[in-house]
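See structure below.
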Amino acid sequence: MSRSRIWLFSLFAFVLFSWPVVFFPLTDGDVANWTDSAVELSQTGYFFSGTNDQAHGPLMVWTAAVCIKLLGQTFYALNFFNLIMGVIGAALVYFFSSKIWNDDRVGQLSAFFYVTSIAPVYLSRTPMYDWPAAVLYTAFCGFYYLACRDKNKTYFALALGAIAVASLSRFSIALGLAGFFIIGTQWVMNRSIKNIIRDGFLLTLSIIAINAPWFLGQMHADGNHFLHTFLYDNTGRFVKSTRPHAHFNADFYGFPLYVLVGMLPFTFCLIGSFFKKNIIERFKQDKRYIILLCAFLPCLVLFSISGHTKLARYISYVFPFMMMLLAAFMVHFDLSDPTYRRKAGTLIKWTAGLLSLLLVQQAVYFFDETKQSMSFVVATVVMLLSLLGAAFYCVTKKADTMINASYKLLPIFGGIYGLYFTFLTYEMYHVPFLIEVRLMIEAALLGK
């Protein structure tokens with residue numbers, strides 16, 4: 001594996017996820033939910049008994065408090081840990097893909113998809129609990145598989161350490177998804193019930209041990225109220241939201257649609273590679289493909305049947321593995337297939353058409369916000385269609401470059417995203433609904 005390449009993708013990710021640093025735009029009002037707790041912690045230093053946000057876990061509040069202390073009370077400081085995790089995610093998908101297939105080309109293309117697709121770019125610029133947990137879950141799955149394959153205790157220790165830290169952000173999700181991955185991996189590789197029980201025990205022990213100091217500190221500070229909130233946050237929220245008058249949401253189709261949107265601009269590649277007649281044969285040929293399914297499919301299925309509000313960030317855990325699987329398919333099979341590249345033209349037309357319908361639906365649903373800034377709406381549409389066009393150009397005209405040197409194509413996507421985020425920074429101070437979000441977060445950040 002070329003070390004220079006992994007550093008190149010990491011540097012690209014850092015610049016893209018940071019841009020433009022000054023007046024960094026945050027567009028999700030939920031960031032304000034934990035910001036005041038982070039500011040308070042930066043001032044008091046009560047790491048174990050300080051306030052928390054719905055007992056979600058202390059990781060975001062702890063890290064944001066440190067970043068605020070170092071970088072000041074700015075939006076960039078609020079997102080700094082989150083973007084660093086995003087950068088680490090780029091390095092991880094490169095590293096694991098290269099190691100799993102012993103093919104640096106797959107590592108490069110996996111990282112390329114990661115740093116140019118909508119989901120990782122958006123999530124790395126929007127600090128909430130799920131993305132750091134998703135990156136650490138990616139580390140767990142990759143290191144655990146390598147530990148099983150190579151009989152390497154260091155990898156096993158890294159896997160347990162990663163998922164333990166992930167549980168400080170999403171306790172039950174980290175525990176549950178890691179448990180499913182252990183079962184799936186051991187069944188595919190060894191069919192060993194003994195190994196499943198042993199590793200499941202060590203997984204649980206690691207997560208309990210790292211959470212115990214914070215949990216006991218919160219119990220001492222807030223007693224049964226914290227315990228009730230923590231238990232519901234990690235059990236009852238699967239059924240429905242904690243918001244007043246919440247009900248069971250039966251939109252089971254929501255998360256599969258979010259996957260298609262999150263994979264933009266390479267959604268047409270995903271459809272072309274995954275939905276074909278010989279896909280079952282591909283999985284039968286190589287157990288490594290099944291291992292990646294074990295990493296992301298339980299999340300997608302279980303979260304889809306949940307009655308909680310369907311938000312895209314809740315399935316953050318899906319994207320790194322789906323990109324790794326897509327990269328392997330495209331390097332080993334699809335990009336060198338002229339028929340696949342010809343079909344890409346048809347698939348991208350369908351993707352662009354469905355995206356246009358989705359944008360129209362969103363414009364109607366958020367009609368008042370749309371009226372407030374047509375320039376923002378137009379810029380978003382232009383950005384999405386430009387990304388689609390760039391992806392189509394890469395697949396049909398630069399297939400060899402995508403296979404062997406995808407890093408050479410990064411400036412195209414970096415330019416599109418950079419222009420859009422520059423414009424978004426301007427709009428944050430001129431569009432009413434964006435101003436409202438900014439002021440909400442600023443109030444929590446500055447204690448107003």
* To do: Any of Lys151/Lys194; Lys284/Lys397; Lys284/Lys343; Lys153/Lys284 with alpha carbons more than 20 Å apart? Name them for me.
  => Lys284/Lys397; Lys284/Lys343; Lys153/Lys284
* **Cα-based Rg / Dmax (Å) for segment 359-401** => 14.6, 46
* So, in Å, what gap is there between the alpha-carbon centers of segment 182-244 and segment 375-405? -> 41
* To do: Show the residues, 5+ positions off or on another chain, whose built amide H is closer than 5 Å to the amide H of Leu168.
  => none
* Asked: Given [x] 257; [y] 146; [z] 181 as candidate values of volume of the Cα convex hull per residue in Å³, which corresponds to the one derived from the coordinates?
  -> [y]
* To do: Under 1.5 on a/c is rounded, so check that first for segment 1-137, then, if it is not, pick prolate when a/b is larger than b/c and oblate when it is not; a ≥ b ≥ c are the square roots of the alpha carbon gyration tensor eigenvalues.
  => prolate
* **Whole-number percent relative contact order across the chain, with pairs defined as alpha carbons under 8 Å at least 6 apart** => 22
* Can you tell me the dipole magnitude for the chain around its Cα centre, using point charges on the Cβ only (Lys, Arg +1; Asp, Glu -1), in Debye to the nearest 20? => 1560
* Efficiency of FRET between Trp7 and Ile197 - r from beta-carbon atoms, R0 30 angstrom, step 0.05 -> 0.15
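Rounded to the nearest 20 Debye, what is the dipole magnitude of segment 81-202 about its Cα centre when Lys and Arg each give +1 and Asp and Glu each give -1 at the C-beta? It would help to have the intermediate numbers written out before the result.
Values: 10 positive and 5 negative charges, 63 e Å.
Roughly 300 debye for segment 81-202.
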* Computed helical MRE - 222 nm, the chain, DSSP H runs ≥ 4 contributing -39500 (n - 2.57), nearest 500 -> -25000 deg cm²/dmol
* **Solvent-free Debye scattering, log10 I(q)/I(0), computed from the Cα coordinates of segment 59-172 at q = 0.09, 0.15, 0.23 Å⁻¹** => -0.26, -0.69, -1.22
* Please give every one of the aspartates and glutamates within straight-line cross-link reach of Lys408, meaning a C-alpha to C-alpha distance under 17 Å, and leave out same-chain neighbours fewer than 8 residues apart. => Asp104, Asp400
* Whole-Å distance, taken between Cα centres, linking segment 22-99 and segment 268-345 -> 30
* Structure fact -> Distance in nm between Leu297 and Met374 label points, each 7 Å along Cα→Cβ, equals 4.8
* Structure fact -> Checking rank on 77-85, 269-277, with mean other Cβ inside 10 Å and highest first, the result is 77-85, 269-277
* Work through the residues other than Ser172 whose Cβ is under 10 Å from its Cβ and net out their charges, Lys, Arg +1 and Asp, Glu -1. => +1
* To do: Can you pull the one-decimal nm distance between simple spin-label points at Ser336 and Lys397, each 7 Å off the Cα toward Cβ?
  => 2.4
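Values quoted throughout were computed directly from the atomic coordinates according to the rules given, and no laboratory measurement underlies them. Predicted model only: the values in this text are computed from it and were never measured. Neighbour counts are summed over all protein chains in view; Cβ atoms, including those assigned to glycine, are modelled from backbone coordinates with ideal geometry.
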